[in-house]
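S.K.: Attaching a single structure in structure tokens format; questions to follow.
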Amino acid sequence: MSVNKTFWTRFLSGLLYASLITVTVFYSNLSFKVLITILSIIVIKEYFNLIKNKNYIFFLFVLFFIWTPTNLIINNYLIISICFVSLISSIYCTILLFFKGEFKNSKINIFFSLLYITTSYFFMVRIHEHGAIFSPLYLFLFFSSTWVNNIFAYLIGSSFGKNKILEKISPNKTWEGFFGGFFASLTFMYFMECQFNLFNNYWILLGIMIPVLSLIGDLLQSLYKRKAKKKDSGSIIPGHGGAYDRMDSVIYSALYYYLFLKLI
């Protein structure tokens with residue numbers, strides 16, 4: 001496939017994916033829940049294919065996290081418990097990435113990986129419901145700032161990237177690409193804050209958080225793919241690979257963005 005055709009395939013399929021997310025985010029809570037239910041099931045299935053293992057109870061977990069009954073959400077103990085479990089899982093997997101540099105298909109590794117993946121959808125739903133009234137901008141900015149970061153990281157990295165971040169895990173990730181995405185995301189957040197005034201001066205912190213968390217999420221998924229000796233988690237999105245390939249950054253970032261909204 002030619003470079004030009006590859007670019008347009010990647011661009012058009014990415015645009016379709018982003019459009020689906022955007023339309024459902026702004027339309028209603030229900031439409032977004034339906035879409036991420038479908039995407040989450042595909043993501044978990046792709047993860048099972050990578051690790052060559054299956055535990056179907058996690059399909060039930062993700063359905064519970066997305067469709068948690070409202071009367072249970074009122075109970076702060078549930079939210080705090082899920083935050084704690086997700087944070088521990090996230091930290092555990094991050095330690096595997098940066099200090100171990102490898103992923104073994106042990107029960108505990110798979111368990112914590114699946115926990116941070118499935119609980120992320122709980123926080124996406126909570127972000128969508130943030131505020132006293134329906135305020136889809138918070139979730140839209142979460143997704144769109146991540147997309148801006150990833151797009152510019154890819155463009156700058158593929159054009160000028162020389163210095164590898166973790167070459168053994170993700171040979172195409174470079175510091176040049178990271179900082180390209182970093183400054184693009186920061187600039188995007190600045191203009192959005194000027195327009196909507198959602199975060200006051202804390203937009204700077206968010207503009208720094210998103211690129212860093214996106215990179216970690218991307219590298220974590222690369223760790224799983226390296227273990228499986230696969231380039232992509234799937235092939236459902238032409239030019240991008242699988243649903244997990246597209247969602248790896250937001251899956252890792254969702255918890256921290258939710259906590260950010262609660263703390264500011």
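Values in this text are rule-based calculations from the coordinates and carry no lab data. Computed from a predicted structure; not experimentally measured. Here the Cβ is made from the backbone with ideal geometry for all residues, glycine too, and neighbour counts use every protein chain on show.
S.K.: Please give me the summed charge of the neighbours of residue 70: other residues whose Cβ is under 15 Å from its Cβ, Lys and Arg +1, Asp and Glu -1.
M.R.: Summing Lys and Arg as +1 and Asp and Glu as -1 gives +1.
S.K.: Charges only on Cβ, +1 for Lys and Arg, -1 for Asp and Glu: so what's the dipole of the range 1-149 about the Cα centre, in debye to the nearest 20? Mind showing how you got there, number by number?
M.R.: Working: 10 positive and 3 negative charges, 86 e Å.
Dipole size: approximately 420 debye.
S.K.: Normalised by the number of residues in the chain, what is the relative contact order in percent for Cα pairs under 8 Å and 6+ residues apart? Kindly include the intermediate steps, with their values, before the conclusion.
M.R.: Details: 316 pairs, mean separation 63.8, N = 264.
Value for the chain: 24 percent.
S.K.: Next up: In the structure displayed, which of 104/231; 173/231; 52/107; 107/173 lie more than 21 Å apart, Cα to Cα?
M.R.: Details: 104/231 18 Å; 173/231 14 Å; 52/107 12 Å; 107/173 29 Å.
In this structure, 107/173 lie more than 21 Å apart at Cα.
S.K.: Suppose the chain between residue 88 and residue 34 were pulled fully straight at 0.36 nm per residue; how much longer would it get relative to their current alpha carbon spacing? Can you show the working numbers first?
M.R.: Details: separation 54, 0.36 × 54 = 19.44 nm, distance 2.76 nm.
The residue 88-residue 34 span can extend by a further 16.7 nm.
S.K.: Related question: Residue 18 versus residue 54, label points 7 Å from Cα toward the beta carbon: distance in nm?
M.R.: Output for this residue pair reads 3.6 nm.
S.K.: While we're on this one: Would you compute, from DSSP H runs of 4+ residues alone, the mean residue ellipticity of the chain at 222 nm, taking -39500 (n - 2.57) per run and dividing by the full residue count, rounded to the nearest 500?
M.R.: Working: 10 runs with 197 residues, N = 264.
So the helix-based figure for the chain works out to -25500 deg cm²/dmol.
S.K.: How about the range 128-189: which GluC sites (Glu not before Pro) there lie in a loop by DSSP and see at most 11 other Cβ atoms within 10 Å?
M.R.: Details: sites: 129, 167, 176; in loops: 129, 167.
Filter output for the range 128-189: 167.
S.K.: Continuing with this model, one more query. Quick one: P(r) of the chain from all Cα-Cα pairs, 5 Å bins, percents rounded to integers, in order of increasing distance.
M.R.: 1, 6, 13, 18, 21, 18, 13, 7, 3, 1, 0
S.K.: Can you give the net charge of the other residues whose Cβ lies under 11 Å from the Cβ of residue 114, counting K and R as +1 and D and E as -1?
M.R.: On the way: positive: 54, 107; negative: none.
Result for the local shell: +2.
S.K.: Here's a follow-up. Summing Lys, Arg as +1 and Asp, Glu as -1, what charge do residues with Cβ under 15 Å from the Cβ of residue 86 carry, residue 86 excluded?
M.R.: Working: positive: 126, 262; negative: none.
My count for the surroundings of residue 86 gives +2.
S.K.: Based on DSSP H assignment, which helices of the chain show an axial Cα extent of at least 20 Å together with a mean Kyte-Doolittle hydropathy greater than or equal to 1.6? Provide the component values of the computation, followed by the final result.
M.R.: On the way: long enough: 3-27 (36 Å, 0.89); 29-51 (32 Å, 1.49); 76-95 (28 Å, 1.83); 107-128 (32 Å, 1.01); 137-160 (33 Å, 1.22); 175-196 (31 Å, 0.73); 203-228 (38 Å, 1.04); 243-263 (30 Å, 0.41).
Helix filter hits for the chain: 76-95.
S.K.: Write out the chymotrypsin sites (Phe, Trp or Tyr not before Pro) in the range 1-89 meeting two conditions: DSSP loop, and at most 10 other Cβ atoms within 10 Å of their Cβ.
M.R.: On the way: sites: 7, 8, 11, 17, 26, 27, 32, 47, 48, 56, 58, 59, 61, 64, 65, 67, 77, 84; in loops: 56, 67.
Answer by residue number: 56.
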